[in-house]
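Coordinate-derived values only; no laboratory data. Everything numeric here is computed off the predicted structure, so don't read it as measured data. Here the Cβ positions follow ideal geometry from the backbone for every residue, glycine too, while neighbour counts run over all protein chains shown.
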Amino acid sequence: MKDFSATANPVRIGSKVIIVVLLIAIFLFIAWLNPFSTVPTGMRGVVTQFGAIVRIEPEGLVLLPPWQHLSVFNIRAEEANIENAEGSTSDTQPVHVSMTVRYSISTDRVAEVFEKYSRDGNLSSYVQTATQEIFKAVASRYTAPDLISLRAQVSADISSALQKKIELYGANVINIDMRNFSFSDTYMAAINQKVTQEQLRLVAENQLKTVEAEQKQKVAIAEAEASAARAKADGESYANLKIATAQADALKIQNAALSQNKDVLELRRIEVEKIKAERWDGKLPQNIYAGAPIPYFDVGKPGSK
């Protein structure tokens with residue numbers, strides 16, 4: 001009997017080798033084609049086929065056949081710097097301004113922007129040109145002093161007009177920063193002089209207000225002191241009037257009592273003369289003047305001492 005195992009084994013081994021080689025070749029071919037791509041965060045993937053836009057891919061992993069190409073498109077905020085944009089105010093003052101405009105591409109217009117304006121979402125040149133034109137139009141509506149004092153309103157007007165302008169390019173304004181206004185040297189010197197005069201005027205007004213306040217305070221103090229003096233004088237006058245009235249009333253009462261009883265008055269006089277006689281030392285005065293009182297002698301009864 002013939003043994004086929006010796007001939008079968010090489011065939012089987014050769015088939016396995018061929019399969020392994022084919023698998024390796026397929027893997028290398030797929031790796032060479034590289035159909036896997038990634039769209040980073042804040043981006044969109046524009047897929048083109050033979051130059052035509054096929055679709056827009058969101059962030060994440062993208063599987064592409066070899067005949068398609070992926071372009072990464074930025075939809076995050078971008079900046080456009082405008083240096084020394086020129087304009088003229090309504091009072092014919094030339095003015096320059098530097099600004100920074102932040103904008104972004106509308107996500108629903110990525111394909112349009114990619115096809116017409118930018119392959120990566122950078123529209124700085126369009127935004128710069130539009131901003132310079134709009135600044136000229138807005139500045140012409142304001143006087144030079146208003147352009148400075150109404151800076152927030154000026155920025156809002158520029159932002160509103162710029163939004164309408166760059167919508168044509170599929171972009172949106174996020175915000176505008178105006179860094180500085182500059183006028184001619186002559187006008188800036190006039191502004192500085194005006195500011196200085198205004199500051200001096202305010203200082204003078206404050207000093208005048210201080211003097212007026214001090215004068216009012218002095219008048220108030222003088223009026224308060226005068227009121228207190230009048231109150232004190234009125235009080236003393238009232239007190240003196242009350243005392244005088246009381247004394248007069250007391251005299252009236254005494255006079256009334258004395259007029260009603262003259263004997264009482266005479267009795268008091270006798271009592272006084274008696275006290276004087278009791279205190280007399282027996283010596284007569286050497287000189288007796290007319291109307292002088294004569295000492296009282298108590299003769300008593302005969303035989304008394």
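What the table below lists for this structure:
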item	result
Computed FRET value (nearest 0.05) for residue 16 with residue 41, which takes r as the C-beta separation and R₀ as 41 Å	0.35
Approximate spin-label separation residue 187-residue 107, in nm, with each point projected 7 Å along Cα-to-Cβ	4.4
Under the Karplus curve 6.51 cos²θ - 1.76 cosθ + 1.60, θ = phi - 60°, whole-Hz ³J(HN,Hα) for region 214-226, x wherever Gly or Pro sits	5, 5, 4, 5, 5, 4, 5, 5, 4, 5, 5, 5, 5
Protection-proxy order for peptides 225-234, 131-140, 184-193, each taking the mean of Cβ atoms within 10 Å per residue, highest first	131-140, 184-193, 225-234
Point-to-point label distance, residue 146-residue 129, nm (Cα→Cβ direction, 7 Å offset)	3.1
Computed Kirkwood radius, in angstrom, where 1/r is averaged over Cα pairs of region 78-183	14.0
Contour excess over end-to-end distance, with Cα ends at residue 96 and residue 180 and 0.36 nm allotted per residue	29.4 nm
